[in-house]
Amino acid sequence: MTQYMNGVMLIVDFDHGASMPELSTLALFTAACFAIAITPGPDMLLIASRSIAQGRSAGFATYAGTATGVFCHATAAAFGLSQLFIALPWAYDAVRYAGAAYLLYLAFKTITSTSNKAPSSAEKTSFTTQQMFNQGLLTNLLNPKIILFVLALFPQFVDPIIGSVALQIVILAILFNFIGLLVLSVVILSASKMADKMSEAFSSNNRFKHLPQYLLATVFAGLATRLLLSQR
């Protein structure tokens, strides 16, 4: 059965109905996802700057982390946990401050990792793939605006009559991440090619050898400032 708490849908029995959204619903959701994916935002900026700083593998690792974060937010929305950020203002601010602090920490680590390193090692091995995945995941999880975004978007395309709300939200999350992967793959590949050209141009000039790292640190600091200055 379907349950409601403060107007938010909770889990429906997984055995009830097919749970697959109609094709018209999926088509509309796909169009919405594409429009969102091509709009520059924090995730795109982070992934692009990471690709410039450390190459395409770094970009895809960061994307994998942010995509996993979307699944976590979708699960929270399915269970009604995201409603806490509406009911408890201090919870929103707590996550916002934690996210900003984490981004500032990443900016500091990125800057300090460039010291006493050759350009090749500084640009390609500053962080491991696992670390970049974790950074993408935590950056996504600690952004309360993404939590509210998922809470606002996904329920509009869910129909509790056809089956499990949780399963429908998971399907939508998979589709959302798939569209994001298609768009961001272009961003990652383009940014990594730009990085190769920058590396060739600046290879003989030590003044610019850490420019990609400084760009990434600036992005981290900018996203932190954006979180701190944002209003609920």
key: Nitroxide proxy distance, nm - points 7 Å out along Cα→Cβ at LYS109 and ALA91   = 2.7
Chain lengthening between GLU22 and LEU175 when straightened (0.36 nm per residue, less Cα-Cα) = 53.7 nm
Highest average packing first - 215-228, 63-76, 178-191, Cβ atoms within 10 Å = 63-76, 215-228, 178-191
key: Residue-count net charge about GLY136 - beta-carbon cut-off 9 Å; Lys, Arg +1, Asp, Glu -1   = 0
request  = Quick one: check the C-alpha center-to-center distance for region 71-106 versus region 148-167, whole angstrom.
outcome  = 19
request  = Would you mind ranking MET44, MET194 by Cβ crowding within 10 Å, fewest neighbours first?
outcome  = MET194, MET44
inquiry  = Starting from the 7 Å offset along Cα-to-Cβ, what nm value, one decimal, do you get for the label separation of MET194 and GLN131?
reply    = 2.4
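Read-outs throughout are calculated quantities, based only on the coordinates presented, and are distinct from any laboratory measurement. Since we're looking at a predicted model, the values are computed, not measured. Heads up, the Cβs are rebuilt from the backbone with ideal geometry, glycines too, and the neighbour counts pull from every protein chain shown.
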